[in-house]
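J.: Quick one: the structure is below, and I'll ask about it shortly.
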Amino acid sequence: MNVLVAEDDGLTRAVLAMQLRKLGHTILEAEDGAVAWSMVQQLHPQIVITDWMMPNMNGPELCRNIREEQRTAYTYLIILTALERKAGYLEGMEAGADDFVTKPAEVGELEVRMRVGERILRLQTEVRQLEGLLPICERCKKIHVEGDRWEQVEHYISQRSAAQFSHGICPKCYQSVVLPQIQELRRKNSGRSDTYPRD
């Protein structure tokens, strides 16, 4: 996962980044909220871990900005809190935080929180895929695309993926569509041959 760590204390930030790298994540670092906000806009990390108290922009403000941006991809937000700030959980949740980690973060707790974040992001992706179901014509199977156009499903998918198509006919379609057409052609051809002059 791409993770942005926003923490103004350099030592705390370095330790947290090292722990997350050991867990296999790619880490971005920001020394305050304003820098973190700029990095979010440019680099779109999947998870943001932010300290509560930072210069220029605090953790809840950063969370609020990220939620107001309404990106298509969901960003999972974790706020780092000191023990005495537990009473501020409601404020953090209202700002858009998904989870909290108490400072100093223990590796075990951090790993659990990251797994939860990964699971939530995976579910969000699945929901977006379901919401993005394509309108397909029941009869001709063309897809309704931008600009009020209808496109062949093969063309639509091949333009957006590495998929390639080969064509065949399923048994049901063969029986209900193709076979009657073949029989009709045979009937017409046999009738036509009767009109030809015989030697």
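J.: Being surrounded by fewer than 16 Cβ atoms within 10 Å (Cβ to Cβ) and aromatic (Phe, Trp, Tyr) is the filter here, so list the residues in segment 52-69 that pass it.
T.: Scanning segment 52-69 gives no hits.
J.: A further question follows. So, in segment 13-61, how many residues would count as being closer than 23 Å to residue 93 by Cβ and of a type in the set (Val, Ile, Thr)?
T.: 5
J.: So, in segment 47-57, exactly how many residues are modelled with pLDDT under 95 and out of contact with any helix residue (DSSP H, G or I) (no Cβ under 6 Å at 6 or more places or on another chain)?
T.: 2
J.: If you don't mind, there's one more thing I want to ask. Search segment 14-45 for residues being outside any loop (DSSP other than H, G, I, E, B) and charged (D, E, K, R), and hand back the single one that is nearest to residue 73 (Cα to Cα).
T.: Applying the first criterion (outside any loop (DSSP other than H, G, I, E, B)) to segment 14-45 yields 14-22, 26-30, 33-43.
If we keep only those that are charged (D, E, K, R) as well, we get 21-22, 29.
Details: 21: 23, 22: 25, 29: 20 Å.
Applying the filter and picking the extreme gives 29.
J.: May I pose another question? Conditions first: (1) hydroxyl-bearing (Ser, Thr, Tyr); (2) at pLDDT 85 or above; (3) under 16 Å from residue 61 (Cα atoms). Residue 89 passes all but one, so which condition is the exception?
T.: Of the numbered conditions (1) hydroxyl-bearing (Ser, Thr, Tyr); (2) at pLDDT 85 or above; (3) under 16 Å from residue 61 (Cα atoms), the odd one out for residue 89 is (2).
J.: How many residues, within segment 86-108, are of a type outside the set (A, V, I, L, M, F, W, C) and not in a helix (DSSP H, G or I)?
T.: Count: 7.
J.: Being in a helix (DSSP H, G or I) and modelled with pLDDT of 80 or more: is that true of residue 122 here?
T.: Values: in a helix (DSSP H, G or I): yes; modelled with pLDDT of 80 or more: yes.
Against the criterion (in a helix (DSSP H, G or I) and modelled with pLDDT of 80 or more), residue 122 qualifies.
J.: Quick one: would you say residue 111 is in a helix (DSSP H, G or I), in contact (Cβ under 8 Å) with a residue 60 or more places away in the chain, surrounded by fewer than 22 Cβ atoms within 10 Å (Cβ to Cβ) and of a type outside the set (Val, Ile, Thr)?
T.: On the way: in a helix (DSSP H, G or I): yes; in contact (Cβ under 8 Å) with a residue 60 or more places away in the chain: yes; surrounded by fewer than 22 Cβ atoms within 10 Å (Cβ to Cβ): yes; of a type outside the set (Val, Ile, Thr): yes.
It is true that residue 111 is in a helix (DSSP H, G or I), in contact (Cβ under 8 Å) with a residue 60 or more places away in the chain, surrounded by fewer than 22 Cβ atoms within 10 Å (Cβ to Cβ) and of a type outside the set (Val, Ile, Thr).
J.: Oh, and also: Kindly indicate whether any position in segment 19-26 is surrounded by 15 or more Cβ atoms within 10 Å (Cβ to Cβ) and of a type in the set (Gly, Ala, Ser).
T.: no
The values are calculated or read from the model by the stated rules, or taken from the named source; none is laboratory data. Quick caveat: nothing in here was measured; it's all calculated off a predicted structure. Positions of Cβ are generated from backbone atoms using ideal geometry, with glycine treated the same way; all protein chains shown enter the neighbour counts.
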